[in-house]
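Heads up: the structure comes next, in structure tokens.
The values are calculated or read from the model by the stated rules, or taken from the named source; none is laboratory data. Nothing here was measured: the structure is a model prediction, and the numbers come from that model. Cβ placement follows ideal geometry from the backbone for every residue including glycine, while neighbour counts extend to all protein chains displayed.
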Amino acid sequence: MTEGQHLQIILRLGDDALVLGQRLSAWCGHGPILEEDIALSNTALDLIGQARNFYTLASSREDQGRDEDQLAFFRTDKEFQNHLLLEQPNGHFGDTIVRQFFFSAFALERYAFLSRQLVDAEVAGIAAKAVKELQYHWEHAAQWIVRLGDGTTESHEKVQASIDHLWSYTGEFFNADEVDAAGAEAGLLPDLEVMRKAWNASVEACLAQATLTRPEDGWMQRGGKQGIHSEHLSYMLAEMQVLPRTYPDATW
Amino acid sequence: MSPVEMNLEARFDAYVAEEKKIEPKDWMPDAYRKTLIRQISQHAHSEIVGMLPEGNWISRAPSLKRKAILLAKVQDEAGHGLYLYSAAETLGVTRDQMLDDLHTGKAKYSSIFNYPTLTWADMGAVGWLVDGAAIMNQVPLCKCSYGPYARAMVRVCKEESFHQRQGFQVMLNLAQGTPEQKAMAQDALNRWWWPSLMMFGPNDADSPHSAQSMKWNIKRFSNDELRQRFVDMTVPQAELLGLTIPDPDLKWNEARGHYDFGDIQWEEFYNVIKGNGPCNKERLAARVKAHEDGAWVREAANAYAQKQKAKKADATTHAA
Ligand SMILES: [Fe+2]
Ligand SMILES: [Fe+2]
Ligand SMILES: [Fe+2]
């Protein structure tokens, strides 16, 4: 693992958290019940906090003098390396929950590994805090999967459709590129094949309880980790970055 | 009114006059209950409608720190809504009924939220002025005669004063920033000043419910008293920011020991209440949409809970 790859790994962790946190925060004020406005905002706050921790760490490691905000607001979509799933639009509540469910199952395992690895103590420190947060995110999403799946006919059909639609974005989690491979070889990142098994086990158990069907593994979308995104990310960043880019000399 | 009721009411009045708390199971006059339901539900609605103008800037907050602070603030407002709906429920009304009244336009919410948030500086001005005015109105409610409301307000006020300081901090950063930022801050103050003064309601002479609410220890200070206090508190803060309050008649009155200020445009106030504010339609439409879009989710949660209950009942029957 080169120093550049090490840095890239940290930025990818930050990008996943920020992009999903930004998406989720749009539910604040618009949830199906007030309790969910609060729960989804809590989750978004955790994710934004994780992103800030990773960006601050990255900024201390790189020599370009970019702080967390320059990393968040002055990189283009090509430079963001989040998984494609996380930039997908919120859709309806079921779409949002399924996206959260798929990612949380993955991120929980990933943070658990990151908190235990001995290669980068600072990453381990951030991950140790994030594991506790992800445990809650996962439980919250999994509970909703069960309620929606085993609720009404309408909710069952809707959430099954969300699962079928978003399934093709889950393969990217386990599709190792050379950065993932180098990170795994150095012991910083988990073996993605091991992750795949753990993810499948937790997702399948929950779907079964929810009376939902696990889709067949067909063609999987990819590209986010290489900066080749869906059409959605550029719009998201345009909105998110508008003020710092309009007033580049200002501090807030 | 029967002699028994007259007796009860006299005892109630005496009890309240002694600064004692009324609790949900205590006897209370019908009008007291109705007044509280109206006021608390209106307050709850204001909290959740109030999430919208500030929520408008979460996605565009100019730094990650500001994004987190703003999101946490708007989330707090959801929490305030929850405490207040719960307090109102102790009076025998359900959250669903209250929400229906909001969605059909039968219930009101604070008119201030019918103004648009046009720039980032509005996040400062709203926190500083709107949360600031809310605190002025709400601190006395911590001693309100109705226990559940008073206790909810203690929690709410703690968070509101935090919001007010955060809003002031946003303003301070802008006021000390680039010329564009300072202009943004001044513009926000220009737009939010008068609507904030209107948050205290009509002048005392035109305030219909006030006298009875004062007698019941629901209201402690008159609209004009609270408004004056707010002006007196805020003027020095504006000076500290180096911003100008948009009122040529504003000046210190040595004899009164208060600031004098100009006349409020009540015609605008009543028009915004009537539905003619810049954002009345959007705000209500956003609440209705969230509620309608969420119907299938709430139905699913209920259906699931029913199934679980039935399963449990089934299990106990078989075990027995
Ligand atoms: Fe309030
Ligand atoms: Fe509030
Ligand atoms: Fe507030």
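Data overview
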item: Some residue of segment A:51-66 being away from every other protein chain (no Cβ under 14 Å), within 18 Å of the chain's Cα centre (by Cα), assigned to a helix (DSSP H, G or I) and at pLDDT 95 or above; result: no
item: Matching residues, segment A:67-125, being without any contact (Cβ under 8 Å) to a residue 24 or more places away in the chain and acidic (Asp, Glu); result: A:Asp67, A:Glu68
item: Qualifying positions in segment A:4-25 - closer than 11 Å to A:Ala58 by Cα and not hydrophobic (A, V, I, L, M, F, W, C); result: A:Gly4, A:His6, A:Gln8, A:Arg12, A:Gly14
item: Qualifying residues in segment B:84-120 (those that are among the acidic types (Asp, Glu) and within 14 Å of chain A (Cβ to nearest Cβ)) - the one surrounded by the fewest Cβ atoms within 10 Å (Cβ to Cβ); result: B:Asp96
item: All positions within segment B:71-97 that are within 16 Å of ligand 1 (Cβ to nearest atom), in contact (Cβ under 8 Å) with a residue 40 or more places away in the chain and of a type outside the set (Lys, Arg); result: B:Asp76, B:Gly79, B:His80, B:Tyr83, B:Leu84, B:Tyr85, B:Ser86, B:Ala87, B:Ala88
item: Wholly enclosed helices (runs of 4 or more DSSP H) of segment A:149-252 bearing at least 3 residues under 23 Å from A:Asn90 (Cα atoms); result: A:153-166, A:192-209, A:232-246
item: Test: residue in segment B:170-184 that is out of contact with any Pro (no Cβ under 6 Å at 6 or more places or on another chain), within 16 Å of ligand 1 (Cβ to nearest atom) and either within 14 Å of another protein chain (Cβ to nearest Cβ) or touching a residue at least 12 places away in the same chain (Cβ under 8 Å) (or both); result: no
item: Condition broken by B:Arg256, with the remaining ones in (1) part of a loop (DSSP other than H, G, I, E, B); (2) of a type in the set (Lys, Arg); (3) closer than 26 Å to B:Arg38 by Cβ satisfied; result: (3)
item: Tally of residues being of a type in the set (Ser, Thr, Tyr) and at pLDDT 95 or above across segment B:221-270; result: 3
item: Hits in segment A:1-46 - residues which are outside any loop (DSSP other than H, G, I, E, B), touching a residue at least 60 places away in the same chain (Cβ under 8 Å) and hydroxyl-bearing (Ser, Thr, Tyr); result: A:Thr43
item: Residue in segment B:138-147 that is farther than 23 Å from B:Gln237 by Cα, surrounded by fewer than 20 Cβ atoms within 10 Å (Cβ to Cβ) and more than 16 Å from ligand 2 (Cβ to nearest atom) present; result: yes
item: Residues of segment B:173-214 classified as among the aliphatic types (A, V, I, L, M) and surrounded by 19 or more Cβ atoms within 10 Å (Cβ to Cβ), total; result: 9
item: 1 or more residues within 12 Å of another protein chain (Cβ to nearest Cβ) and surrounded by fewer than 13 Cβ atoms within 10 Å (Cβ to Cβ): qualifying helices (runs of 4 or more DSSP H) within segment B:263-320; result: B:280-293, B:295-319
item: Any pair with Cβ under 8 angstrom, 6 or more apart, that starts in segment B:229-256 at a residue that is at negative phi and ends at one that is part of a helix (DSSP H, G or I) and of a type in the set (Ser, Thr, Tyr); result: B:Phe230/B:Ser196; B:Ile245/B:Thr234
item: Candidate set from segment A:111-145 (those that are surrounded by 21 or more Cβ atoms within 10 Å (Cβ to Cβ) and among the β-branched types (Val, Ile, Thr)); member that is nearest to the other protein chains (Cβ to nearest Cβ); result: A:Ile145
item: Scope segment B:1-57; condition within 16 Å of ligand 2 (Cβ to nearest atom) and free of Cβ contacts under 8 Å to residues at least 24 places away in the same chain; matching residues; result: B:Gly55
item: All positions within segment B:57-80 that are more than 7 Å from chain A (Cβ to nearest Cβ) and more than 14 Å from ligand 3 (Cβ to nearest atom); result: B:Trp57, B:Ala61, B:Lys65
item: Within segment B:81-113, tally of residues that are farther than 28 Å from B:Lys25 by Cβ and of a type outside the set (Ser, Thr, Tyr); result: 5
item: Subset tally (residues that are out of contact with any Leu (no Cβ under 9 Å at 6 or more places or on another chain), within 13 Å of ligand 3 (Cβ to nearest atom) and more than 30 Å from A:Ala250 (Cβ to Cβ)) for segment B:140-186; result: 2
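Residue-wise test of (1) assigned to a helix (DSSP H, G or I); (2) under 20 Å from A:Ser41 (Cα atoms).
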| residue | (1), (2) |
| --- | --- |
| B:Glu77 | yes, yes |
| B:Gly81 | yes, yes |
| B:Ser86 | yes, no |
| B:Val93 | no, no |
| B:Ala107 | no, no |
